[in-house]
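The values are calculated or read from the model by the stated rules, or taken from the named source; none is laboratory data. These numbers were taken from a predicted model, which means no experiment stands behind them. Please note: Cβ atoms are built from the backbone with ideal geometry, for glycine as well, and neighbour counts cover all protein chains shown.
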Amino acid sequence: MSGRQLELAISLYVFLVAACVGSFLNVVIARLPKGKSLIHPPSSCPRCGARIKWYDNVPVLAWIWLRGKCRNCGLPISPRYPLVELLTGVLVVAVFHEYGLTWATLAYAVFVCALVALTFIDLDTWLLPHEITWPLIAIGLASPLWNGDLRFADSAIGAAAGTGFFAAIALFGEKVLKKETMGWGDVYLLGAIGAWLGWQALLPVVLLSAVQGAIVGALLLWLKRPHAATAAPDPKPPDHPASDDDWVPPPHAVPFGPFLALAALEQLLVGAFLTEAWFGFMGRLWGG
């Protein structure tokens with residue numbers, strides 16, 4: 001077997017293992033926000049509750065074989081399930097190609113899986129559970145053990161600065177503006193990113209997430225803007241005082257956590273390229 005064939009075989013194996021982990025992440029995404037056990041009961045159809053056989057639980061392929069439907073009730077199963085499995089497999093393979101057969105690959109695979117779970121939980125619930133973000137900070141503080149370019153001080157400063165930066169925004173909104181400007185889940189997620197990637201990565205991550213979030217938000221507003229003739233009337237205000245439980249996301253809004261996760265992945269996998277491209281652009285801009 002040639003070196004290229006061996007690399008392809010290992011990549012395929014990594015993808016299959018990661019896709020199986022992605023299948024478990026689907027369980028985490030569905031159950032953790034509801035406080036349910038991640039182990040019991042076994043995987044079941046979200047529509048009829050029937051147990052899913054092992055051969056119907058093969059990542060990605062089973063959903064295709066069954067044409068996106070439950071074998072028992074025939075009702076559709078969300079394509080998000082194979083998407084999470086496929087995305088997890090692709091991202092972990094990308095980590096493997098970046099870091100090779102090292103402990104860094106295993107560690108950053110954990111980081112990637114956590115970001116995938118947090119992204120889809122945030123999209124579903126607008127929450128980033130402490131059960132994931134807090135351990136992610138703690139594990140990230142050990143990042144210099146597998147990343148020789150990172151010092152323990154860099155990781156600690158990254159965790160403190162990341163948490164402190166967004167905490168200041170959150171507190172400013174709560175105390176001064178009297179409204180929520182930043183969720184505390186986002187605060188802890190940025191702290192985790194700082195712990196894993198070091199304080200040097202915080203500014204690029206914040207800038208990338210803000211720019212990409214603004215682009216997506218503007219695009220959603222443009223695609224879903226109501227026409228004056230068909231715009232729905234304002235809803236009737238509730239008969240009782242507003243509370244935290246009454247809060248609903250603004251129309252066409254998207255949570256910020258997925259953009260933080262995306263920027264962290266970009267910094268992890270192509271950070272050097274992005275930095276070089278940015279300074280090259282600034283050099284051409286200011287150099288005429």
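L101 satisfies every condition listed in (1) more than 19 Å from the chain's Cα centre (by Cα); (2) part of a helix (DSSP H, G or I) except (2). How many residues are hydrophobic (A, V, I, L, M, F, W, C) and either within 9 Å of V187 (Cβ to Cβ) or outside any helix (DSSP H, G or I) (or both) when one looks only at segment 153-167? Selection size over segment 153-167: 3.
Taken over segment 173-200, the criterion of being more than 17 Å from the chain's Cα centre (by Cα) and either closer than 16 Å to V112 by Cα or at pLDDT 90 or above (or both) is satisfied by G198, W199, Q200. For segment 1-16, taking the residues that are in contact (Cβ under 8 Å) with a residue 24 or more places away in the chain and not aromatic (F, W, Y), the one that is nearest to P59 (Cα to Cα) is identified as L16.
Filtering L127, L136, L150, L123 for residues that are in contact (Cβ under 8 Å) with a residue 60 or more places away in the chain, farther than 20 Å from L207 by Cβ, assigned by TED's automatic domain parsing to the domain that holds L197 and not in a helix (DSSP H, G or I) leaves a single hit, L127. Run A138 past the list (1) surrounded by fewer than 13 Cβ atoms within 10 Å (Cβ to Cβ); (2) at pLDDT below 95 and report the number of the one that doesn't hold. Result: A138 passes all but (2).
Residue-level check: of (1) closer than 26 Å to K34 by Cβ; (2) modelled with pLDDT of 95 or more, R151 misses just (1). For the criterion of being within 30 Å of H130 (Cβ to Cβ), part of a helix (DSSP H, G or I), of a type in the set (A, V, I, L, M, F, W, C) and in the same structural domain as L268 (by TED's automatic domain parsing), A18 fails. Residues that are out of contact with any strand residue (DSSP E or B) (no Cβ under 6 Å at 6 or more places or on another chain), surrounded by 14 or more Cβ atoms within 10 Å (Cβ to Cβ) and of a type outside the set (A, V, I, L, M, F, W, C) within segment 47-70 comprise R47, D56, N57, P59, listed in sequence order.
Considering segment 71-92, the residues that are β-branched (V, I, T) and modelled with pLDDT of 95 or more include one that is surrounded by the most Cβ atoms within 10 Å (Cβ to Cβ), namely T88.
Under 9 Å between Cβ atoms, which residue pairs at least 6 apart in sequence (or on different chains) link something in segment 194-218 that is in the same structural domain as A156 (by TED's automatic domain parsing) and more than 11 Å from L262 (Cβ to Cβ) with a partner that is among the polar types (S, T, N, Q) and surrounded by fewer than 16 Cβ atoms within 10 Å (Cβ to Cβ)? Short answer, once both residue conditions are applied: P204/T275.
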